[in-house]
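The values are calculated or read from the model by the stated rules, or taken from the named source; none is laboratory data. Just so it is clear, the model here is predicted, and its values are computed rather than measured. Because the Cβ atoms are built from the backbone with ideal geometry, glycine has one as well, and the counts that use them run over all protein chains shown. Ligands, DNA and RNA are excluded from the accessible area calculation, which covers all protein heavy atoms including side chains. Shrake-Rupley method; radii C 1.70, N 1.55, O 1.52, S 1.80 Å.
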Amino acid sequence: MPQQIYSPFTAFNFSNRNCFLTGQPLSSDEEKIQVFPQSLMSRYKLEEQPFKLLDESMASYKDLKIPCSAQINQTFLEPLETEIAAAFDIGYEAVKKLDELILFQWAGKLLYGIIFNEVQSGIKLQHSKGEEFNISQSIIHKFSNLHLMLQSINLPIIFEDFKPYSFFLFKVDNNIEEFGYRDEINTLTFSLRIKDFGLIICLQDNGANEFYHKEIFQKIKDQTLHPIQFEEFCGRVFYSAYLFNRLPEYNVLPAGDEIYIEAMPPRGMSSKPLFDDWMNKIYCQVLETFWKNWGFLLFEINKNPEKPMSFLFNPDGSLINGATIELPQ
């Protein structure tokens with residue numbers, strides 16, 4: 001008999017008495033793990049740093065925890081965290097050798113941990129007002145699918161001829177003291193820029209964003225990027241993830257001791273393109289946010305609406321060498 005898939009959104013179970021990954025009952029409310037790995041928090045002194053939740057309440061990085069059984073943590077999550085931490089300590093060359101799926105699982109656990117805290121916070125807030133907690137069906141659909149994919153950490157799940165994510169990895173000439181983290185919960189998009197690398201993962205798009213940016217990615221993937229170049233590509237991906245207009249659907253097929261997950265065709269019954277129209281005006285607003293460290297303003301970025309400012313490409317389309325960019329790291 002195959003092990004059972006756990007679906008926390010079916011009964012909307014976000015209690016601290018159940019393991020976030022398996023749903024199994026825990027011995028106490030204190031059986032928890034950190035959302036952000038201790039290795040990252042220690043290296044970048046994040047423990048006491050503020051982390052803003054969607055309801056505008058503030059937590060610290062070390063406050064963000066999720067309920068997890070000791071057995072699941074020791075058997076599956078600690079080895080995953082240890083493998084990732086060892087690669088991160090070395091940098092780009094070691095990260096490049098990791099299996100993409102492991103990085104997806106690691107990033108997915110982190111992002112789902114934030115989602116878990118957001119949902120708990122939202123439930124408490126609404127209940128304090130005597131109201132039911134409401135969340136859109138499309139968001140529940142995305143979060144449920146992410147949790148389903150995460151169970152590839154502890155269950156014999158096989159993705160049948162597809163990968164549920166888009167993955168981009170670059171060598172980046174970072175300030176080694178900088179911790180560059182960003183996420184977008186609604187689109188399940190994640191980026192991390194530390195050490196000498198930058199990583200972007202769209203966690204629930206079945207590779208659509210990777211295909212969408214294929215031409216640009218092929219041009220720049222083997223270059224060492226200036227941080228502003230990485231953030232520019234990051235802005236492109238975060239914006240296209242917003243434009244992606246499908247909710248992926250899956251068939252879950254138990255077979256013997258294994259569980260196969262099959263992706264349904266993304267077009268479904270619609271002839272509409274997978275992505276809404278790209279609008280440079282909105283992209284420039286995104287870019288202003290991603291370039292905040294360098295102080296570029298919207299009117300500068302959007303001076304030529306047909307060709308927004310770029311540190312990746314010259315006006316003739318040729319690639320800009322990151323080493324020639326004279327901006328702070």
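Things worth noting here:
- Top-ranked residue in the stretch 310-324 [being open to solvent by less than 50 Å² (accessible area, probe 1.4 Å) and assigned to a loop (DSSP other than H, G, I, E, B); ranked as modelled with the lowest pLDDT]: Gly317
One line per residue, one yes/no per condition, for (1) at pLDDT 95 or above; (2) among the basic types (Lys, Arg); (3) closer than 23 Å to Leu111 by Cα; (4) touching a strand residue (DSSP E or B) at 6+ places or on another chain (Cβ under 6 Å):
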position: Tyr181; (1), (2), (3), (4): yes, no, yes, yes
position: Thr187; (1), (2), (3), (4): yes, no, yes, no
position: Leu203; (1), (2), (3), (4): yes, no, yes, no
position: Gln229; (1), (2), (3), (4): yes, no, no, no
position: Glu232; (1), (2), (3), (4): yes, no, yes, no
position: Phe244; (1), (2), (3), (4): yes, no, yes, yes
position: Gly256; (1), (2), (3), (4): no, no, no, no
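- Test for Ser144: is it outside any helix (DSSP H, G or I), of a type in the set (S, T, N, Q) and at pLDDT 95 or above: no
- Listed by position, the strands (runs of 3 or more DSSP E) inside the stretch 179-255 whose residues that are touching a Lys or Arg at 6+ places or on another chain (Cβ under 9 Å) and within 30 Å of Leu46 (Cα to Cα) number at least 2 are 180-184, 189-194, 197-202.
- Unique residue being touching a residue at least 12 places away in the same chain (Cβ under 8 Å) and on the phi > 0 side of the Ramachandran plot when the list is Gly256, Gly322: Gly256
- The C-beta contact set for the stretch 74-88 (first residue farther than 17 Å from Ile194 by Cα, second residue open to solvent by less than 70 Å² (accessible area, probe 1.4 Å) and among the aromatic types (Phe, Trp, Tyr), distance under 8 angstrom, 6+ apart or interchain) comprises Leu80/Trp106.
- Thr82 vs. criteria closer than 29 Å to Gly256 by Cα and either in contact with a Leu (Cβ under 6 Å, 6 or more places away or on another chain) or at pLDDT 95 or above (or both): no
- Residues in the stretch 155-177 that are open to solvent by 40 Å² or more (accessible area, probe 1.4 Å) and closer than 16 Å to His226 by Cα: 5 in all.
- Filter result for the condition that a residue is under 30 Å from Asp196 (Cβ atoms) and among the charged types (D, E, K, R), over Glu131, Glu56, Glu93, Glu118: Glu93
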